[in-house]
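A short write-up of the structure that comes next.
The values are calculated or read from the model by the stated rules, or taken from the named source; none is laboratory data. Computed from a predicted structure; not experimentally measured. Reconstructed Cβ throughout: ideal geometry from the backbone, glycine too, with neighbour counts over all protein chains shown. Protein only, heavy atoms only, side chains kept; ligands, DNA and RNA dropped before computing areas. Shrake-Rupley method; radii C 1.70, N 1.55, O 1.52, S 1.80 Å.
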Amino acid sequence: MAEKKGVILSGTRPTGKCHLGHLVGALENWASLQETYQCYFLVADLHVLTTGFEKSAEIPDNTFEMVCDWLAVGLDPERSTFLVQSLISEHAELNLILSMITPMPWVERNPTIKQMIADMNLADKIHFGLMGYPILQAADILLYRADLVPVGEDQVAHVEMTREIARRFNFLYKSIFPEPRAKLTTTPRLLGTDGKKMSKSLGNCIYLSDDDQTIKEKVRQMITDPQKVRRGDPGRPEICSVYSYHEIFNTGQAGEIAAECRSGALGCVACKGMLAAAISRRIQPVRERRIRYSKDRNKVMEILFDGSKAAQAVARETMSMVRQAMGMKY
Ligand code: TRP
C-alpha cells in the first residue's frame, strides 16, 4: 500500500437516510479522499443525544440507514475505517479529560452551538451535554490524531476549538496531538426544495433513496423566480433555487439553461423536468447499490463492529499517550 499523506476524520450524526446535501456537501468529497488519506468515518451517535436524548432508541436504525448510504456512495470499509462513537468508550473518556482543560468561555462563545440553540428554540431547555458538544467532537478528532477534518462551513468553529484544545493540552502536558485543520468542500451549500436550509425536520430534502417519481414530484414543487409566471416571461436564474440545483447536478447544461431562462424560451415546467432527470442520473447507481446493502443488515453491522474494533485499538494507544503525558501512570 502506498504511503498515505495523513489522517482524516469526519463524521455525522445518524439521523437516518442521507439527502442530496449530504451527498454534495460531504460524502462525495469523503469518498475521493480515501485514496490519499487514511480515513476514519464516524457515526456520531453520542452527539445525537445532545438534543435527541428522548429518541435514543431510534439511533441504531438511523445509523443503519445512514451507513447504507455511505457504502452506496463508495465509502469503502476495505480502505477506510467506519466507527460508531458509542461503541468506543475512549471517546467518552477523552471528552472528560479535555473538558477539564477547556475554559468555559470557549464553550459559551461557540457560534455553531448558539445557532443550534436558536434554530431548535432550546434557549430555556439547554442541557449540560449540549454545551459540551464541541469538546466531544474534539475528542473524536484528537483520539485518531487526525490532520484534516473535511466538513461544511457550519462545523469550522468546532474544528477551530479542537485546535485550541489540542494546543492547550500540548502546552500543559506534552506535545502529542497534531493541530487538525478543517477542509472545506468547494460545492456551495445546497438548500432544501423550499429554499430554506435542507433539513429532515423541515421536510424539504431529496433523499439518495428517492425513486424517480418522488424526485419529479419534489422538484415540481420547488419555487422558481416569482416574476416568471409563464413560459415566455424572462426569468432570473441567480435567484431561482431550481437553477442553483442545475449548477450542481447538471453542470453540462447549466449555461444553456440560464440563457434560455433569461430569454424566456425555457419555461419552468420543462426546466424542472431536466433537473429531475439530472438528479436521477446522478443518484441512480447509488440507489442501486444502496438496495443491496439495505437487504443485508448483518453485513452492514459487521462493517461497523469490525471498524470500531480497529479504531478502538488506535484510541487506546492515544489514551495511553494521554495518561503518560499527564503523568497519570499508576
Ligand atoms: N458535528 C458534526 C455534524 O453535526 C458531527 C461530528 C461529530 C463530527 N464528531 C465529528 C464531524 C468529528 C467531524 C469530526 O455534522
Condition set part of a loop (DSSP other than H, G, I, E, B) and closer than 15 Å to Leu130 by Cβ, scope segment 98-112, selection nearest to the ligand (Cβ to nearest atom): answer is Asn110
Which residues, counting only those in segment 26-42, are touching a helix residue (DSSP H, G or I) at 6+ places or on another chain (Cβ under 9 Å) and within 15 Å of the ligand (Cβ to nearest atom)?
Leu27, Trp30, Cys39, Tyr40, Phe41, Leu42
If I filter segment 16-24 for residues that are more than 14 Å from the ligand (Cβ to nearest atom), within 18 Å of Pro285 (Cα to Cα), at pLDDT 95 or above and open to solvent by 30 Å² or more (accessible area, probe 1.4 Å), do I get at least one hit?
yes
Val156 - would you say it is within 16 Å of the chain's Cα centre (by Cα), more than 26 Å from Leu87 (Cβ to Cβ) and hydrophobic (A, V, I, L, M, F, W, C)?
yes
Can you tell me which residue within segment 155-197, out of those that are open to solvent by less than 20 Å² (accessible area, probe 1.4 Å), hydrophobic (A, V, I, L, M, F, W, C) and in contact (Cβ under 8 Å) with a residue 40 or more places away in the chain, is nearest to Thr102 (Cα to Cα)?
Ile165
What about Pro226, is it within 16 Å of His19 (Cα to Cα), outside any helix (DSSP H, G or I) and open to solvent by 80 Å² or more (accessible area, probe 1.4 Å)?
no
Determine if segment 245-253 includes at least one residue that is touching a Cys at 6+ places or on another chain (Cβ under 9 Å), of a type outside the set (Val, Ile, Thr) and surrounded by 19 or more Cβ atoms within 10 Å (Cβ to Cβ).
yes
Kindly check whether there is at least one residue in segment 180-203 that is within 30 Å of Met326 (Cβ to Cβ) and not charged (D, E, K, R).
yes
If I ask for residues that are away from the ligand (no atom under 12 Å from the Cβ) and not in a loop (DSSP other than H, G, I, E, B), which ones from segment 131-152 would you list?
Met131
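Every residue, every condition in (1) touching a Gly at 6+ places or on another chain (Cβ under 7 Å); (2) aromatic (Phe, Trp, Tyr); (3) part of a helix (DSSP H, G or I), yes or no:
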{"residue": "Gly21", "(1), (2), (3)": "no, no, yes"}
{"residue": "Leu42", "(1), (2), (3)": "yes, no, no"}
{"residue": "Thr51", "(1), (2), (3)": "no, no, yes"}
{"residue": "Asn62", "(1), (2), (3)": "yes, no, yes"}
{"residue": "Asp69", "(1), (2), (3)": "no, no, yes"}
{"residue": "Ser86", "(1), (2), (3)": "no, no, yes"}
{"residue": "His91", "(1), (2), (3)": "no, no, yes"}
Residue among Asp76, Asp69 that is modelled with pLDDT of 95 or more, over 17 Å from Pro134 (Cα atoms) and more than 16 Å from the ligand (Cβ to nearest atom)
Asp76
Across segment 116-130, the tally of residues that are modelled with pLDDT of 90 or more, surrounded by 12 or more Cβ atoms within 10 Å (Cβ to Cβ) and in a helix (DSSP H, G or I) stands at 3
Does segment 290-309 hold any residues that are surrounded by 15 or more Cβ atoms within 10 Å (Cβ to Cβ) and either on the phi > 0 side of the Ramachandran plot or of a type in the set (A, V, I, L, M, F, W, C) (or both), and which are they?
Val300, Met301, Ile303, Leu304
If you check Gly235, Gly255, which single one turns out to be in a helix (DSSP H, G or I), over 26 Å from the mean Cα position of the chain (by Cα) and either touching a residue at least 12 places away in the same chain (Cβ under 8 Å) or under 23 Å from Arg282 (Cα atoms) (or both)?
Gly255
